[in-house]
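Have a look at the structure below, then the notes.
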Amino acid sequence: MINEAKNNIAKYIFNKKFLNKNYSINIGNKFLSASNDFLFLLPGNDNDFKNGFDVVRYFLIHKKNITLFLPEYKINLVPEGRKYSFIGYGIQDVNKIGLPNKNLIDKLREKKFDVVVDLNRNENLFYIAVANIVNAKFRVGFKRKQTETYYNFQVINRKLNSEISYRNLLNSVKMF
């Protein structure tokens, strides 16, 4: 009950303070292939972290500039780490209601990307906030309840099987 109230307060604050209400963008049929700079928000779940990397590798193969957003302690787990840029965060970067703190917000606002891809399959307001704080033209994520206002492009999530969810995401982005 307390966590739900805290989450509702965080959503309200985030929507009022950070969410860009003028958010209508026409997605063309080449919006991903024409983009060069990508930010991937890697999931905290270990299985999703591993399976989500297939999506990241696809863009690496296509010679895109990739930055990974992940907890600092997971940076060493990234295969072929020298091919990526990193934005790491720690528990000190999360405020009391689960949103990014001022230091992380300032660091994120300095960055500019063509596309942000949130690889979290479960609703996580911290990652939703990060995806929307960063200066980016397009935001890609999994469809969850009430996420239409946060992402330009959404893919259906197969709750039980992360491998299928990421394969669906990859197949969807290949069309663009």
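The values are calculated or read from the model by the stated rules, or taken from the named source; none is laboratory data. Computed from a prediction, not measured in an experiment: that's the story for all the values here. Using ideal geometry, Cβ is built from the backbone for each residue, glycine included, and neighbour counts are taken over all protein chains shown. Note: areas computed on protein heavy atoms with side chains; ligands, DNA, RNA excluded. Shrake-Rupley method; radii C 1.70, N 1.55, O 1.52, S 1.80 Å.
Stretching the chain fully between residue 63 and residue 163 yields a gain of 33.7 nm (0.36 nm per residue, less the alpha carbon separation).
Under 8 Å for C-alpha pairs, at least 6 residues apart: give me the relative contact order for region 29-176, rounded to a whole percent.
On the way: 233 pairs, mean separation 37.9, N = 148.
Over region 29-176, the number comes to 26 percent.
Surface analysis of region 33-164 yields an accessible area of 50 Å² per residue, using protein heavy atoms and a 1.4 Å probe.
Put +1 on the Cβ of each Lys and Arg and -1 on the Cβ of each Asp and Glu in region 50-176; which of 142, 129, 173 then has its Cα farthest toward the positive end of the dipole? Farthest along the dipole direction, towards plus: 173. Residues 156, 91, 133, sorted by accessible area with the largest first, give 91, 156, 133 [1.4 Å probe; ligands and nucleic acids excluded]. Amide H contacts of residue 155 (H built 1.01 Å from N, in plane; Pro and chain starts excluded): 141, 142, 143 sit under 5 Å, all sequence-distant by 5 or more or on other chains.
Expressed as a whole percent, the accessible area of region 51-121 that falls on carbon and sulfur atoms is 51 (1.4 Å probe).
Once the chain from residue 82 to residue 54 is taken as fully extended at 0.36 nm per residue, the excess over their C-alpha distance is 8.4 nm.
For the pair residue 149 and residue 101 in one chain, pulling the backbone fully straight at 0.36 nm per residue adds 15.1 nm over the alpha carbon distance.
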